[in-house]
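Values quoted throughout were computed directly from the atomic coordinates according to the rules given, and no laboratory measurement underlies them. Predicted model, so just to flag it, every value in this text is computed and none were measured. Cβ coordinates were reconstructed from backbone atoms using ideal geometry, including for glycine residues, and neighbour counts include every protein chain displayed.
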Amino acid sequence: MWIIKFFEVELSTRRIAQQVGLSYHTAFKAITVLRLAILVQLDADLLMTGEIELDESYFGGRCKGKRGRGAAGKTPVFGILERNGVVKVEVIRDVTAKSLLNMTVKTVRRGSIVYTDKFRSDDALMFCGYWHLRVDHEKRFASGKVYINGREGFWSDVKERLAKFHGVSKEKFPLYLKEMEFHYNNRSKNIFNLTVQNLCGLVPDLL
């Protein structure tokens, strides 16, 4: 229970191990189980609607040089945010039009208003039943309701939270990412109770 409580307040695994008197390896295994429980219980069929912000971001990599799109050694992540609603994030292989469109079509209801930046990979959205509006960040960051500030704010928050882990392996990164999605989507709920429910959902009913 204490491990779940410390997980709720987002302590690092090393801090949790120190607090509960366990080895780092044992605490890490316990936290990984909690993250896997979150992943299993996520609603994969959730359809977003209304006003939607789309944007991608890049994580990892230590090499100096180009940042953002095209940066070497970075992991691309695509994010979809429903204003005043939920967020969904996925690690993707690339930021081609096909990759971004596939995730959007699976996640966003047709007829929704979709806001993006000027990246050309988003060009096909208007042909798939969406109202597509763009903001050109070279000129302005918002034009009335046309902005993706919510999406970018989420990326900033995720990167700040991940910084305390002092590096995350590529293999485990999707689990950390889904943990951030879980915290955001349940920001007004009791994370401790939800985590316990998710964990119990992994245990078969033997009665």
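How far, in nm, would the chain grow between Val86 and Leu46 when pulled straight, counting 0.36 nm per residue and subtracting the alpha carbon separation? Write down the numbers at each step before the final one.
Numbers: separation 40, 0.36 × 40 = 14.40 nm, distance 0.97 nm.
Residue separation times 0.36 nm, minus the Cα-Cα distance, leaves 13.4 nm.
Starting from the Cα of Met1, move 7 Å in the Cα-to-Cβ direction to define the label point; list residues of the stretch 16-38 whose amide nitrogen is under 18 Å from there.
Those under the cut-off are 19-21.
Between Phe173 and Glu10, what is the spin-label point distance in nm, taking each point 7 Å from the Cα along the Cα→C-beta axis?
It works out to 1.9 nm between the two label points.
Sorting Tyr115, Tyr176 on the 10 Å Cβ count, fewest up front, what's the list? Before the final figure, lay out the partial values.
Details: Tyr115 25, Tyr176 17.
Ascending Cβ contact count within 10 Å gives the list Tyr176, Tyr115.
Give me the distance between the Cα centres of the stretch 3-20 and the stretch 154-198, rounded to whole Å.
So the two Cα centres are separated by 13 Å.
If each of Gln197 and His25 carries a label point 7 Å out from its Cα toward its Cβ, how far apart are those two points in nm?
With each label point 7 Å from Cα toward Cβ, the separation is 3.6 nm.
Students often get this wrong, so check it: of Lys106/Lys189; Lys5/Lys88; Lys74/Lys189; Lys5/Lys172; Lys5/Lys170; Lys29/Lys118, which have C-alpha atoms separated by over 31 Å? Display every interim value, and only then the final one.
Numbers: Lys106/Lys189 26 Å; Lys5/Lys88 24 Å; Lys74/Lys189 33 Å; Lys5/Lys172 21 Å; Lys5/Lys170 26 Å; Lys29/Lys118 42 Å.
Table pairs above 31 Å Cα-Cα are Lys74/Lys189; Lys29/Lys118.
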